[in-house]
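Before any comments, here is the structure.
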Amino acid sequence: MGTYLVRRLLQSVIVIIGVTLISFLALHLSGDPTYLYVSERASNEEIQEAREKLGFNQPLSKQYLDYMVNLAQGDFGDSLMTKSSALERIGQVVPATIELTLFGMFLAISLAVPIGVIAATRRGTPVDGSVMLFAIFGQSMPNFWLGIMLMLFVGLRWELLPISGHVPLIEPLVDGDFKTFATNLPDAIKYLMMPGITIAVFSLSRNARLIRSSMLEVLSQDYVRTARSKGLKERAVVMRHAFRNALIPVVTMLGLEFGFLLGGVVVVETVFSWPGVGRLVFYSINQRDIPVVQATVVIFSFVFVGLNLVVDLIYARLDPRIRLK
Amino acid sequence: MTEQATLPLSAAPTTADILTLGMREREQSALRRAVRSMLRARWPVLALFILVVVVSVAILAPELSPKDPNRINLILRLKAPFEREQTGEMEFIFGTDALGRDVLSRLFYGARVSLLVGLTAVCIGGLLGTTLGILAGYFGGRVDDVIMRLADIQLAFPFILLAIMVLVILGRGVLNLVLVLGVGQWVTYARIARGTTMAQREKEYVEAAQSIGASNLRIMFRGILPNILAPLIVIASFNVASVILTEASLSFLGLGVPPTVPTWGGMLAESRDQLIANRWWLAVFPGVAIMLTVLSLNILGDWLRDLLDPRLRGTI
C-alpha cells in the first residue's frame, strides 16, 4: 500500500502542476494578457503601469513560480469587477453548488440502482425496453434544455414546483444551527427538485445502463448458476450474489461522477439562476472577469483531483489487485 | 464468392501485401453484414434516416429555408407557430423569435454549425489521439509515459471548465471553438489506440514486416492502424454526439460561435428571456433538433459497436 500511496500522490502532484500550467499558459495564449486587465481606452502609460503592477513584464518562468507561490498561500487573484479576492467570492457561493451537486448525485445513484437492477432481471421485456429507451433519451438531450422544459411545463404551466429560488442548507449546518436546517429542509428540497433532476438526468441514464449491463454480466457467471442450482430463491440470488458484484464498476465511477456533475452545474445553475459557482462563472464570463473564471477552474480541478485520489485509495484498499498492478 | 486472398506468386511479397492480406475479402462481406444487422435491429434504420435528413437540411439550408435566418423584422416578432395568416397561408410554421426572425430557417442553418463543429472537432481529436495513442503503444517506455501522463492531466478535470477558460481568454469564434473541442477529445482515442496497438505489436504480421525492413512509420500507420480502426470508429460516432451537446452548452453560455451565426444552443440561450412569457416554441424546437440528432448518433453508435466489436459493450 505504501508504494502505491506514494506513486498515486506523486501522480496527483503532476496533475496539479499540469492544470495550473494550462490555466497559466491559457492567459498568455492571447498575446499580452495586460490588455485583458485594462480598459479599452487606457493610454500607453497606463498599460505599461498595469503590466508592471501585474508582473507581466517578468519572464514567464518567474511569473509561473509567483503564480504557484500565490496559489499555495490561498491567493487566487482578485476579481476585476469587485476588486475583492476571487477565492472569497467563490467561497460565498460554493455552499449552494455543493448542495445542488450532492442532491443531483443522490438522485442519479438512488434511482439508477433499482432501475438498472429491475431492467436487468426483466431483460427483453417491455419494462426493460422502456427503461433503456428513457436512458438513451436521457443521454441524448442537453441537460440545460431539460431544465428549460421543466421550467416551462412543470414550473410555469402546471405550477407544481418553483422555477427559481434557493433556501440555504449547508450554511446553517456549518454554523451548527440545526433548527434552521430542519425548518429549511422541506422548502430547500422543493427548490432543489428541478435543478437537481436537470443535472442528474445524464448520469442517471448512464448509471442505469451501466448497472444493467454489469448486472447482466454477473447474472451469467458460474457462481450465480451455482447459487440458483442449490435452490436459492431468485430474490436472494439477485440481491446477495449478483447485485454486490455488479456494483463494483459503479463505485469506481463515484469520484468521477461528482466531478462530472460539478462540470455540468455551470450551465444548469445559469438556467435556474441558482446562486452558486456556476452562475458566478457565467456572470464572470459575460463581464470578462478572467481571474474569477481562472480561479474557479483551478479550484474545481483541485477538488476533482483530491476526490479521485481518495476514491482510488479506498478502492485500492478494498481490492488488492489494483495496488499490485 | 469473394476472391481468395493470397499473396501474388509472381513477385516476392512486399510489405503492402503482407499488411493488407485478407482485407479485401473482409470488406465485402462486412458491408453485407452491416446492412443485414441494421435491418434486423430496426432502430438504427430510423436513426440513419434522421441523420440523413439533418445532414441534407444542413447542406441545403440556403435552398430549403423559407426566409433569411438573420432578417430582423420587429413588426413580426414573437409570432406563435402553426398560425395561419388571413390569407390562409402559414408564413412562419415554427413562429418567429424576439427579433422577428424565422425560427424554421434558423433551425436549418443551425444544423450546419452543429454538424460542422461536431465533425471537425472529432476529426481533430481523433487524428491527434489516434496518432499519439499508436506512438505510445508502439514505442512504449518513455514515449508512452509522457503521453499517458498528459492524458491523466487532461482527465483530471471536467473538460467543459477548460473549454470555458480557454474560450473566455481567446474569445469566441468558430476556429477557437473547434480547436478547443477537438483537443478536448484526444484522450479517449489515445487510450483505446494505445491499448489495441500494444496487442497488435505482438502479432506475427508486425514481426514479418519488421523482418523485411519496413519502417516503423509504415508499420504503425499502414499495418497496425487498419486493424485497430473498429473501436476508434465506434468512439467517434458517440463522440460526435457528445461534442454537439458540449457545443450547445458553450453556445448557451455565450462562448460558441459569434451571435450572428444561428446555432441551436444559441437559440436556446435566447429563448431563456422569453420563458416567463411562455413563448415555448423558442425553446422546444431547437432542443428537439439537438436531441434527435444526438439520439440518432447514439443509437447508431450502439449499433456500430455491436456490429464491429461486441466486446466493447459496457465499456463505451
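The values are calculated or read from the model by the stated rules, or taken from the named source; none is laboratory data. Source: prediction; values computed, not measured. Cβ coordinates were reconstructed from backbone atoms using ideal geometry, including for glycine residues, and neighbour counts include every protein chain displayed.
Which of the residues belonging to the stretch A:157-166 are at the interface with chain B (Cβ under 10 Å from one of its Cβ atoms) and either in contact with a Cys (Cβ under 9 Å, 6 or more places away or on another chain) or under 24 Å from B:LEU253 (Cβ atoms) (or both)? Of everything in the stretch A:157-166, just one residue is at the interface with chain B (Cβ under 10 Å from one of its Cβ atoms) and either in contact with a Cys (Cβ under 9 Å, 6 or more places away or on another chain) or under 24 Å from B:LEU253 (Cβ atoms) (or both), namely A:ILE163. Assess whether A:ILE14 counts as being within 27 Å of B:ILE147 (Cα to Cα), in contact with a helix residue (DSSP H, G or I) (Cβ under 7 Å, 6 or more places away or on another chain) and without any contact (Cβ under 8 Å) to a residue 40 or more places away in the chain. Against the criterion (within 27 Å of B:ILE147 (Cα to Cα), in contact with a helix residue (DSSP H, G or I) (Cβ under 7 Å, 6 or more places away or on another chain) and without any contact (Cβ under 8 Å) to a residue 40 or more places away in the chain), A:ILE14 qualifies.
Taking the listed residues A:THR180, A:THR226, A:THR198, the one that is part of a helix (DSSP H, G or I), within 22 Å of B:LEU268 (Cα to Cα) and among the hydroxyl-bearing types (Ser, Thr, Tyr) is A:THR198, with no other qualifying.
A quick yes/no check of all residues on (1) within 19 Å of A:SER110 (Cβ to Cβ); (2) within 14 Å of chain B (Cβ to nearest Cβ):
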{"position": "A:PRO168", "(1), (2)": "no, no"}
{"position": "A:ASN184", "(1), (2)": "no, no"}
{"position": "A:ILE189", "(1), (2)": "yes, no"}
{"position": "A:MET194", "(1), (2)": "yes, yes"}
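Looking across B:ILE50, B:ILE18, one residue alone is surrounded by 14 or more Cβ atoms within 10 Å (Cβ to Cβ), touching a helix residue (DSSP H, G or I) at 6+ places or on another chain (Cβ under 7 Å) and at pLDDT below 70. It is B:ILE18. For A:VAL224, the criteria (1) closer than 22 Å to A:PRO249 by Cα; (2) within 14 Å of another protein chain (Cβ to nearest Cβ) hold in every case but one, which is (2). Residues that are within 25 Å of A:VAL131 (Cβ to Cβ) and acidic (Asp, Glu) within the stretch A:211-237 comprise A:GLU217, A:GLU234, listed in sequence order.
Tell me yes or no: at least one residue of the stretch B:256-263 is within 14 Å of chain A (Cβ to nearest Cβ) and either crowded, with 23+ Cβ neighbours inside 10 Å or within 26 Å of B:LEU39 (Cα to Cα) (or both). First the steps, then the outcome.
Quick first cut of the stretch B:256-263, residues within 14 Å of chain A (Cβ to nearest Cβ) only: B:256, B:259, B:263.
Add one more test, that the residue is either crowded, with 23+ Cβ neighbours inside 10 Å or within 26 Å of B:LEU39 (Cα to Cα) (or both), and what stays is B:256, B:263.
Within the stretch B:256-263 (the criterion being within 14 Å of chain A (Cβ to nearest Cβ) and either crowded, with 23+ Cβ neighbours inside 10 Å or within 26 Å of B:LEU39 (Cα to Cα) (or both)), the answer is yes, since at least one residue qualifies.
Taking the stretch A:1-75 and the helices (runs of 4 or more DSSP H) fully enclosed by it, the elements with 3 or more residues that are more than 14 Å from every other protein chain (Cβ to nearest Cβ) are at A:2-29, A:44-54, A:60-72. Restricting attention to the stretch A:250-288, the residues that are buried (at least 24 other Cβ atoms within 10 Å of the Cβ) and of a type in the set (D, E, K, R) add up to 1.
Taking each residue of the stretch B:81-97 that is more than 15 Å from B:ARG71 (Cα to Cα) and looking for partners that are basic (Lys, Arg) and in a loop (DSSP other than H, G, I, E, B) with beta-carbon atoms closer than 9 Å, six or more apart or interchain, yields B:MET90/B:ARG84. Close Cβ contacts (under 6 Å, 6 or more residues apart or on different chains) running from residues in the stretch A:133-156 that are more than 7 Å from chain B (Cβ to nearest Cβ) to residues that are aromatic (Phe, Trp, Tyr) comprise A:ASN143/A:PHE202.
Among the listed residues B:GLY287, B:GLY314, which satisfies the condition of being modelled with pLDDT under 90 and within 9 Å of another protein chain (Cβ to nearest Cβ)?
Values: B:GLY287 fails: modelled with pLDDT under 90.
Within the list B:GLY287, B:GLY314, the selection yields B:GLY314.
Among the residues of the stretch A:305-312, is any within 7 Å of chain B (Cβ to nearest Cβ) and either in contact with a Phe, Trp or Tyr (Cβ under 9 Å, 6 or more places away or on another chain) or closer than 25 Å to B:ILE276 by Cβ (or both)? The answer is yes; a qualifying residue exists.
Of a type in the set (Val, Ile, Thr) and out of contact with any strand residue (DSSP E or B) (no Cβ under 9 Å at 6 or more places or on another chain): is that true of B:THR96 in this structure? For B:THR96, the condition - of a type in the set (Val, Ile, Thr) and out of contact with any strand residue (DSSP E or B) (no Cβ under 9 Å at 6 or more places or on another chain) - is not met. Which of the residues that make up the stretch B:145-199 are surrounded by 24 or more Cβ atoms within 10 Å (Cβ to Cβ) and hydroxyl-bearing (Ser, Thr, Tyr)? Once the filter is applied, which keeps residues that are surrounded by 24 or more Cβ atoms within 10 Å (Cβ to Cβ) and hydroxyl-bearing (Ser, Thr, Tyr), the stretch B:145-199 yields B:TYR189, B:THR197. In summary, no helices (runs of 4 or more DSSP H) completely within the stretch A:267-325 bear 2 or more residues that are modelled with pLDDT under 80 and of a type in the set (Gly, Ala, Ser).
For the stretch B:234-266, what are the residues that are more than 19 Å from B:LEU181 (Cβ to Cβ) and in a helix (DSSP H, G or I)? Residue satisfying the conditions is B:VAL234 alone.
Quick check on my filter: what residues within the stretch A:122-154 are under 22 Å from A:MET253 (Cβ atoms) and crowded, with 20+ Cβ neighbours inside 10 Å? Within the stretch A:122-154, A:VAL131, A:ALA135, A:GLN139, A:SER140, A:MET141, A:PRO142, A:ASN143, A:LEU146 qualify.
Exactly one residue out of A:GLY104, A:GLY124, A:GLY116 is at positive phi and either in contact (Cβ under 8 Å) with a residue 40 or more places away in the chain or not in a helix (DSSP H, G or I) (or both): that is A:GLY124.
Taking (1) surrounded by fewer than 21 Cβ atoms within 10 Å (Cβ to Cβ); (2) touching a helix residue (DSSP H, G or I) at 6+ places or on another chain (Cβ under 8 Å); (3) within 14 Å of chain A (Cβ to nearest Cβ) in turn, B:ILE244 satisfies each apart from (1). Taking the criterion of being farther than 21 Å from B:ILE235 by Cα, in a helix (DSSP H, G or I), within 14 Å of chain A (Cβ to nearest Cβ) and under 21 Å from the mean Cα position of the chain (by Cα), the residues of the stretch B:133-191 that qualify are B:LEU161, B:LEU162, B:ILE164, B:LEU167, B:LEU175, B:ASN176.
I'm checking my understanding of the structure. Among residues of the stretch A:271-291 that are among the β-branched types (Val, Ile, Thr) and facing chain B (nearest Cβ under 10 Å), which one is nearest to A:ILE14 (Cα to Cα)? For the stretch A:271-291, the residue satisfying everything is A:ILE290.
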